[in-house]
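Below: the structure, in structure tokens.
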Amino acid sequence: GAVVSQHPSRVICKSGTSVKIECRSLDFQATTMFWYRQFPKKSLMLMATSNEGSKATYEQGVEKDKFLINHASLTLSTLTVTSAHPEDSSFYICSGQERYEQYFGPGTRLTVT
Amino acid sequence: GENVEQHPSTLSVQEGDSAVIKCTYSDSASNYFPWYKQELGKRPQLIIDIRSNVGEKKDQRIAVTLNKTAKHFSLHITETQPEDSAVYFCAASMNDYKLSFGAGTTVTVRA
């Protein structure tokens, strides 16, 4: 199946700083990429839908100014957590859509101290 | 929007027995129903999916059934093995777009 990578896999940052997470589709072009947030022992919560070359569509309750998403090419989408706070600590997972299936990245564990 | 409910939240089975996880969905327009397996700290992996034009699909020890009228679908794992232990998520979407996930079922297979 198709492969999606994420970088970094783990990041620790101080409160008030910004963190960028990259999501890449390695062997396919993903017109659409999705960003999810997952709390421990919880389900995946869709944060936003990212389409190449256009603005991301955010789910209700997700602050677009706090979670900046850029989808500059068919193989790369980035999520920037701005002015991070401890409550932003979570597991962030992206996925790329190829035809009918979504392929998930390995996730990024963000810890804000 | 779509609301997917999943039961049970935890499931413990003896190795060799079957495991069944059930999901219901709210939007009758949903037509794609994938199941994902997620091991601790890893990415969700698609294990099987079904579309609304079929009622059942099987892949070795895994099968999924869909009842469109009742708006529910189920995952069946037969002859369970310890490596089947993981969290399983059902999901629903319309036209293969945004996925709405169930809350997950933690399956433990006892040796």
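Values quoted throughout were computed directly from the atomic coordinates according to the rules given, and no laboratory measurement underlies them. As the structure is a prediction and not an experimental result, all values here were calculated from the model. Glycine gets a Cβ as well: all are built from the backbone with ideal geometry, and neighbour counts include every protein chain shown.
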Q: Pull out a ≥ b ≥ c, the square roots of the eigenvalues of the alpha-carbon gyration tensor of the stretch A:48-87, then state rounded if a/c is under 1.5, prolate if not and a/b is larger than b/c, and oblate in the remaining case.
A: oblate
(Q) Residues of the stretch B:25-49 with the amide nitrogen closer than 19 Å to a label point 7 Å from the Cα of A:Ser5, along Cα-to-Cβ, please. (A) B:42-44
Q. Could you list log10 I(q)/I(0) for the protein assembly as shown at q = 0.10, 0.14 Å⁻¹, which the Debye formula gives when each Cα is one point scatterer?
A. -0.46, -0.88
**Q.** Equivalent ellipsoid semi-axes, chain B, via Cα gyration tensor eigenvalues times 5, rooted, Å
**A.** 23, 14, 12
**Q.** Convex hull of Cα atoms in the stretch B:61-111, direction-averaged projection (nm²)
**A.** 4.4
**Q.** Cut-off 18 Å, label 7 Å out along Cα→Cβ of A:Ile12, residues of the stretch A:71-104 by amide N
**A.** A:84-92
Q. What trypsin sites (Lys or Arg not before Pro) does the stretch B:41-77 have in DSSP loop regions with at most 10 other beta carbons within 10 Å?
A. none
Q: Filter the cross-link list A:Lys41/B:Lys22; B:Lys37/B:Lys71; A:Lys66/B:Lys37; A:Lys42/B:Lys71; A:Lys20/A:Lys41; B:Lys57/B:Lys98 down to pairs whose alpha-carbon distance in this structure exceeds 26 Å.
A: A:Lys66/B:Lys37
Q. Label point 7 Å out from A:Leu74 along Cα-to-Cβ: which residues of the stretch A:45-66 have amide N under 16 Å?
A. A:51-54
Q. Along each of its three principal axes, how wide is the spread of alpha-carbon positions in chain A, in whole angstrom units, largest first?
A. 38, 26, 21
(Q) Run through the stretch B:30-107 and list the GluC sites (Glu not before Pro) located in a DSSP loop whose Cβ has at most 14 other Cβ atoms within 10 Å. (A) B:Glu39, B:Glu79
**Q.** Candidates A:Ser95, A:Ser15, A:Ser77: whichever shows maximal mean-square fluctuation once chain A is modelled as a Gaussian network with Cα springs under 10 Å
**A.** A:Ser15
(Q) Quick check: pseudo-label points 7 Å beyond the Cα along Cα→Cβ at B:Glu15 and A:Gln29, how many nm apart are they? (A) 4.8
Q) Pick from B:Ala29, B:Ala63, B:Ala91: which is most flexible by mean-square fluctuation in a GNM of chain B where alpha carbon atoms under 10 Å apart are linked? A) B:Ala29
(Q) What does the extension gain come out to for B:Asn3 and B:Ala70, with contour length at 0.36 nm per residue minus their alpha carbon separation? (A) 22.7 nm
